[in-house]
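*Asks:* Here you go, one structure.
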Amino acid sequence: MGPKRNSTEAEEQAAVYIQAWWRGTLVRRTLLHAALRACVIQCWWRQKLAENLENRRREALQCYARQERAVVKLQSWVRMWRIRLRYCQLLHAVRIIQVYWRWHSCHTRGFIQGQYDVKENQLNVQLEISLGSQACRVQQCIPFPIKE
């Protein structure tokens with residue numbers, strides 16, 4: 001019974017060793033699959049975080065661009081309003097001068113001729129006033145207060 005017992009114990013030990021090896025292989029394979037799944041999930045999560053960050057950056061940039069466009073448009077409207085106001089003031093002054101001289105020329109039998117020209121940033125006025133034998137020429141450039 002001795003030699004048979006030793007061979008049975010050796011076979012049992014070999015079987016235990018094979019079973020342990022197999023269980024270890026299964027555990028390692030399960031851990032490898034779990035690690036791979038975790039890696040896939042982590043990669044997906046990092047990609048989503050990067051996409052979210054990019055979306056937030058894009059939205060912030062678009063918001064900034066909208067604000068800048070609004071500021072520029074508002075500034076241009078204010079400049080346009082100020083220039084128009086100055087133009088209306090000068091036009092009013094020119095009309096007053098024209099009315100006065102027309103009245104004056106009717107009463108003194110003189111006449112006034114003139115022209116005015118509005119350019120980018122100035123008003124050019126040329127007047128020729130004749131009162132009998134006297135003539136007077138006036139030429140003046142009035143600049144607009146435009147910020148360059």
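*Asks:* For the chain, give the magnitude of the charge dipole about the Cα centre (Cβ charges: +1 Lys/Arg, -1 Asp/Glu; no others), in debye to the nearest 20.
*Replies:* With Lys and Arg at +1 and Asp and Glu at -1, about 320 debye.
*Asks:* On to the next question. Tell me what the chain gives for mean residue ellipticity at 222 nm when only DSSP H runs of n ≥ 4 count, each as -39,500 (n - 2.57), the sum divided by the residue total, rounded to 500 deg cm²/dmol.
*Replies:* Value at 222 nm, helices only: -28000 deg cm²/dmol.
*Asks:* Related question: Provide the packing ranking of 89-95, 24-30, i.e. peptides ordered by the mean count of other C-beta atoms within 10 Å per residue, highest first.
*Replies:* Packing proxy ranking, top to bottom: 89-95, 24-30.
*Asks:* Using a simple spin-label model with points 7 Å from Cα along the Cα→Cβ vector, what separation in nm is obtained for GLU12 and ALA70?
*Replies:* 8.5
*Asks:* Work out the FRET efficiency for LEU91 and VAL138 from their Cβ-Cβ distance, taking R0 = 22 Å, and round it to the nearest 0.05. Before the final figure, lay out each step's value.
*Replies:* Values: r = 17 Å, r/R0 = 0.79.
Efficiency, rounded to the nearest 0.05: 0.80.
*Asks:* Stretched out fully, how many nm does the piece from TRP22 to ARG82 gain, at 0.36 nm a residue minus the Cα gap?
*Replies:* Computed gain between TRP22 and ARG82 is 12.7 nm.
*Asks:* With a ≥ b ≥ c taken as the square roots of the eigenvalues of the C-alpha gyration tensor of region 2-143, please select rounded if a/c is under 1.5 and otherwise prolate if a/b is larger than b/c or oblate if it is not?
*Replies:* Taking the square roots of the gyration eigenvalues as a ≥ b ≥ c, region 2-143 is prolate.
*Asks:* While we're on this one: May I ask you to derive the relative contact order of region 2-143, considering only C-alpha pairs under 8 Å and at least 6 residues apart, and to give it as an integer percent?
*Replies:* On the way: 71 pairs, mean separation 13.7, N = 142.
Reported as a whole number, the value is 10 percent.
*Asks:* For the chain, with the dipole built from +1 on Lys and Arg beta-carbon atoms and -1 on Asp and Glu ones, taken about the Cα centre, which of THR30, TRP103, GLN47 lies farthest toward the positive end?
*Replies:* Of the listed residues, the answer is TRP103.
Quick note: the coordinates plus some simple rules give every number you see, no bench work behind them. Quick caveat, the model's predicted, so the values are computed rather than measured. Cβ: placed from backbone, ideal geometry, glycine included. Neighbour counts: every protein chain shown.
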